[in-house]
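A quick write-up on the structure given underneath.
Rule-based calculations on the coordinates, nothing more; no lab input. For clarity, every value in this text was computed on a predicted model and none was experimentally measured. Cβ: placed from backbone, ideal geometry, glycine included. Neighbour counts: every protein chain shown.
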Amino acid sequence: MPGADRVAYCAVGQEGVIHDRVAQRLLVLNPSARRVWELAGTGMDVAAIAATLCEAYAGVDPARATQDVLACLAELRRLGMAIPPIIGEPDDLGQG
């Protein structure tokens, strides 16, 4: 799981809850953000994460899913979550 030394994570129903031990705050993730968080720790690239979301949510446009994955990763990083660079991100963030 990304940032395991800094955070505790658990799934609650379809959502996810992250406890940031350093900032002493809780983050609640909606179901799609939960999947992005979980998949970010598996080594999947952005395209694979987006494809997984497209499979889970019928009718989602792949380009839109990719944009949403990138936005979710950027927001999690902005909030201080330690997510490793992921292939397919812009060059200033990832390896793509």
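Quick notes
- Stretchable slack from GLN14 to LEU79, in nm (0.36 nm times residue separation minus alpha-carbon distance): 21.3 nm
- 3J(HN,Hα) from dihedral phi, the stretch 53-66, Karplus parametrisation 6.51/-1.76/1.60, rounded to Hz, x for glycine, proline: 5, 4, 5, 6, 10, 4, x, 6, 5, x, 5, 5, 4, 4
- Positive-end extreme of charge dipole, the chain - chosen from SER32, TYR57, MET44 (charges on Cβ): SER32
- Net charge of Cβ neighbours under 12 Å - reference TYR57; Lys, Arg +1; Asp, Glu -1: -1
- Per-residue ellipticity at 222 nm from helix content only, as computed over the chain with -39500 (n - 2.57) for each DSSP H run of at least four residues, stands at -12500 deg cm²/dmol.
- Nearest-ten-degree value, helix 31-40 long axis tilted from longest Cα axis of the chain: 90
- Taking the C-alpha atoms of the chain, convex hull volume expressed per residue in Å³: 85
- Applying 0.36 nm per residue to the separation of ALA56 and ARG25 and subtracting their alpha-carbon distance, the gain on full extension is 8.3 nm.
- The trypsin sites (Lys or Arg not before Pro) found in the stretch 12-64 that occupy coil by DSSP, while having at most 13 further C-beta atoms within 10 Å, are ARG21.
- The local environment of ALA33, defined by Cβ-Cβ distances under 11 Å, has a net charge of -2 under the rule Lys, Arg +1 and Asp, Glu -1.
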